[in-house]
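Inspection log for the structure reproduced underneath, given as structure tokens.
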Amino acid sequence: MAGAVNEVYLHSRKAGNRGDVWKHYALARILENEAVRETKAYIETHAGAGVYELKDIPKAREWKQGILRVARRPEATKEPFQAILKEVNPSLTFPGCYPGSAFIASRLLPDRRYVLFEQEEKAAEELRRWIPEADVRAEDGYAGLASALLQRTRSEERIFVFIDPPYKGKKDWKTIPKQLAGLPAGSIGVVWYHVAAYSNPDNLH
């Protein structure tokens, strides 16, 4: 059983680090776009726990080079992400609470359908606690998205899809283009990925 658990990617290990901060400040701006606001559903394939208590994450100290360095900077106060950050961490004290992408979306895009996939059971439970209005499914995000897209296509519902997988091996790079190709007309897909080398991103594009 322990081996199976280790295979599940935990967003909490990287919560609040430099990449996470870039992702969430950028995502918040994207979610304020007029075209995004016209979508009727938000789907995330690897949603994580919703909100993270950084002090409870063993061996995770990457937030010291991430959110700790920018949370109190004057220019950060103008960003849409900052309001959500202060909602869960009013004093901007770290280690403290830090919001994930699904929680950010739930605050910036209210009153729509939320379908969130997260394989790790404990993280899925936290998602349900922080975003009770969401349809949280503890299953593989790619398989779930394919099923959800079929339902949305039939209803001709415009959706917003956020894909932020672990990128272990080649699977994610090969799967993402197929997922995006299945989006209903007028929908929006956003993919977050790291750039350690250009070969994988180039092949994805």
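When DSSP assigns beta bridges and you keep just the ones with both residues in the stretch 37-161, what percent turn out antiparallel, to the nearest 5? Looking only at bridges with both residues in the stretch 37-161, the antiparallel portion is about 25 percent. Sorting 33-44, 110-121 by their mean Cβ neighbour count within 10 Å, with the most densely packed peptide first, gives 110-121, 33-44. Remark: the chain carries 53 Å² of accessible area per residue (probe radius 1.4 Å; ligands, DNA and RNA excluded).
Label the stretch 37-174 by shape, choosing from rounded, prolate and oblate, from the square roots a ≥ b ≥ c of the eigenvalues of the Cα gyration tensor; if a/c is under 1.5 it is rounded, and otherwise prolate applies when a/b is larger than b/c, oblate when it is not.
On the way: a/c = 1.99, a/b = 1.50, b/c = 1.32.
Taking the square roots of the gyration eigenvalues as a ≥ b ≥ c, the stretch 37-174 is prolate.
Which whole-number percent gives the relative contact order of the chain, counting Cα pairs below 8 Å spaced six or more residues apart? Could the numbers behind the result be given before it?
Values: 321 pairs, mean separation 52.7, N = 205.
The normalised contact order for the chain reaches 26 percent.
Across the cross-link table entries 23/168; 78/171; 78/168; 78/122; 64/178, which are compared at the Cα atoms, the separations over 29 Å belong to 78/171; 78/168; 78/122; 64/178.
The values are calculated or read from the model by the stated rules, or taken from the named source; none is laboratory data. From a predicted model like this one, the values you see are computed outputs, not experimental measurements. Neighbour counts run over all protein chains shown; Cβ positions are idealised from the backbone, glycine included. Protein only, heavy atoms only, side chains kept; ligands, DNA and RNA dropped before computing areas. Shrake-Rupley method; radii C 1.70, N 1.55, O 1.52, S 1.80 Å.
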